[in-house]
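Colleague: Pasting a structure here, questions to come.
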Amino acid sequence: MKVVTPSFYKDFKCIASSCPDSCCQGWEVDADNASLDYYKTLSGSLRHKIDSVLDKDEYGNTVFRLTDHKRCPFLNSENLCDMHIAIGGEHTPYTCRTFPRFINDFGSTREIGLSFSCPVASDMMWNLEKDFDFETNINSDLPVFNDIDAELYFYLFKARNKAYETVKNKDRSLQERMIDLLKFGQELQNDIYKYDEGRTTISFKEVFDNPEVINS
């Protein structure tokens with residue numbers, strides 16, 4: 001499988017308790033099945049605490065219930081994870097192991113990016129010294145998935161490259177580039193509407209004419 005990452009991805013490193021914010025507060029983390037199976041093998045106070053904070057959200061997912069201060073129950077006073085300390089980061093929930101990375105598989109390609117919500121990642125993006133680009137590596141240990149519409153995938157892949165070329169064109173002002181990108185997005189949406197995956201309930205024209213529809 002080809003693994004595609006932004007050029008700055010390899011330089012990312014979580015700064016843990018030194019972070020000016022924390023991704024371990026303000027939202028509930030899903031407890032994935034593999035992690036839950038592992039927790040059943042534990043005993044003692046850690047197992048008791050895990051069992052005491054597991055809950056169901058409105059969608060029926062098993063989550064770790066936040067404290068009254070909206071913090072993960074395992075986030076200690078030093079903004080470090082007690083679960084990570086006790087059993088290692090490899091046994092924390094999938095979201096905890098990967099965030100702020102996000103991973104998407106398309107056929108034989110895995111794309112890994114970083115969320116702008118992370119202060120470290122956003123600083124890296126804002127302070128790029130070189131033009132934004134991607135790096136591609138091969139990982140033979142990853143499975144290959146093929147349950148995608150290949151025609152649509154390659155069409156969108158080419159369209160995305162064109163979008164990047166548009167926003168990186170420094171011969172035009174930032175405002176002009178954003179206008180070009182919006183126009184291209186409108187043309188693209190019209191083209192992919194024939195695919196089920198490309199159907200939307202809100203058209204570009206509706207958004208341009210009535211921005212408030214985004215909030216409805």
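Colleague: Calculated from the structure, semi-axes √(5λ) of the Cα gyration tensor in Å equals which of [x] 25, 20, 18; [y] 37, 21, 21; [z] 33, 20, 14?
Modeller: Given [x] 25, 20, 18; [y] 37, 21, 21; [z] 33, 20, 14, the structure-derived one carries the label [y].
Colleague: If amide H atoms are built 1.01 Å from N in the plane of the peptide, which residues on other chains or at least 5 residues away come under 5 Å of the amide H of Arg71?
Modeller: HN-HN under 5 Å from Arg71: Gly26.
Colleague: Answer with one residue from Gly89, Asn161, Ala121: the one whose Cα lies farthest towards the positive end of the charge dipole of segment 87-192, charges on Cβ with Lys, Arg +1 and Asp, Glu -1.
Modeller: Comparing the listed Cα positions along the dipole, Ala121 ranks first.
Colleague: Return, in residue-number order, each cysteine of the chain whose C-beta is not under 4.7 Å from any other cysteine's C-beta.
Modeller: For the chain, the answer is Cys14, Cys19, Cys23, Cys81, Cys96, Cys118, because their Cβ atoms have no other cysteine Cβ under 4.7 Å.
Colleague: Counting only helical runs of four or more DSSP H residues, what would the 222 nm mean residue ellipticity of the chain come to if each run contributes -39,500 (n - 2.57) and the total is spread over all its residues?
Modeller: Working: 8 runs with 79 residues, N = 216.
The per-residue figure over the chain is -10500 deg cm²/dmol.
Colleague: Continuing with this model, one more query. Ordering His91, His69, His48 by accessible area with a probe of 1.4 Å, largest first, what comes out?
Modeller: Highest to lowest solvent-accessible surface, that is His69, His48, His91.
Colleague: Also, quick follow-up: Taking a 1.4 Å probe, which of Thr109, Thr41 shows the most accessible area, and what order do the others take after it?
Modeller: Listed by decreasing accessible area, they come as Thr41, Thr109.
Colleague: In debye, nearest 20: dipole of the chain around its Cα centre with unit charges on the Cβ of K, R (+) and D, E (-)?
Modeller: 340
Colleague: Sorted by accessible area (1.4 Å probe), largest first, how do Tyr59, Tyr153, Tyr193 line up? Each step should come with its number before you reach the end.
Modeller: Values: Tyr59 175, Tyr153 40, Tyr193 110 Å².
The residues order as Tyr59, Tyr193, Tyr153, largest area first.
Colleague: What residues qualify as long-range amide H neighbours of Ala31, i.e. H under 5 Å apart, gap of 5 or more or another chain, H built at 1.01 Å from N?
Modeller: Counting only residues 5 or more places away or on other chains, the set is Thr62, Val63, Phe64.
Colleague: A follow-up question, please. Rounded to the nearest 10 Å², what accessible area does Glu28 have for a 1.4 Å probe in the complete protein model?
Modeller: About 80 Å², rounded to the nearest 10.
Colleague: Give me a comma-separated list of calculated 3J(HN,Hα) values for segment 61-74, in order, Karplus coefficients 6.51, -1.76, 1.60 applied at θ = phi - 60°, integers in Hz, x for any Gly or Pro.
Modeller: Each residue of segment 61-74 in turn: 7, 7, 9, 8, 5, 6, 6, 4, 9, 6, 10, 4, x, 9 Hz.
Colleague: For the chain, report the accessible area per residue in Å² (1.4 Å probe, heavy atoms, rounded to an integer).
Modeller: Per-residue value: 69 Å².
Colleague: How long, wide and thick is segment 1-92, going by the Cα atoms along their three principal axes, in whole angstroms, largest first?
Modeller: For segment 1-92, the Cα spread along each principal axis is 42, 35, 29 Å.
The values are calculated or read from the model by the stated rules, or taken from the named source; none is laboratory data. Being a predicted model, the structure only gives us computed values, none of them experimental. FYI the Cβ positions are ideal-geometry reconstructions off the backbone, even for glycines, and counts take in every protein chain you see. Ligands, DNA and RNA are stripped out before the accessible areas are found, and what is left, the full protein with its side chains, is counted by its heavy atoms. Shrake-Rupley method; radii C 1.70, N 1.55, O 1.52, S 1.80 Å.
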